[in-house]
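Each value in this text was obtained by applying a stated rule to the coordinates, not by laboratory testing. Keep in mind that this is a model prediction, so the values were computed, not measured.
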Amino acid sequence: MGTNVFTADADRNLVFINKNAKETLKAVAGEIRKSFNVDANNLQGMSIHSVHGDPDRIEKILLDPANLPHNAQVELGDQTLDLMVRPSRRRPALG
Ligand code: HEM
């Protein structure tokens, strides 16, 4: 199992999704469609909050630098994903 990498810009738009993450997204596409009515294969360019049930709750975590890095486990359908959120000052590569 590899690592899923999602990179978001300062506006919370997903600007990079690595190959492994794209495979993972395929596996949870049905659930993402059902929960968020979003096409998991089309997430690049979309807001991270298009796949968050409660964006305000997520923003509260992200907006306080003291919270980062942040680790959690999130449930998506019958899958449990390990989430590691870390800030980046690099300009993300478009991919
Ligand atoms: C860089 C991109 C992303 C960031 C920074 C981010 C950040 C977060 C944070 C901070 C949480 C809260 C964790 C906790 O409860 O402690 C969260 C929850 C969650 N994230 Fe993300 N996320 C990102 C991308 C994604 C993507 C691409 C998906 C779906 C494939 C996703 C699905 C979820 C789900 C299902 C939860 C838990 C349920 C919810 O609150 O909606 N996230 N995310």
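Structure above, values below:
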read-out	value
Percentage of interatomic Cα-Cα distances in region 6-85 larger than 16 Å	54
Extension reserve of the Ala66-Val85 stretch, reckoned as 0.36 nm per residue once the Cα distance is removed	5.6 nm
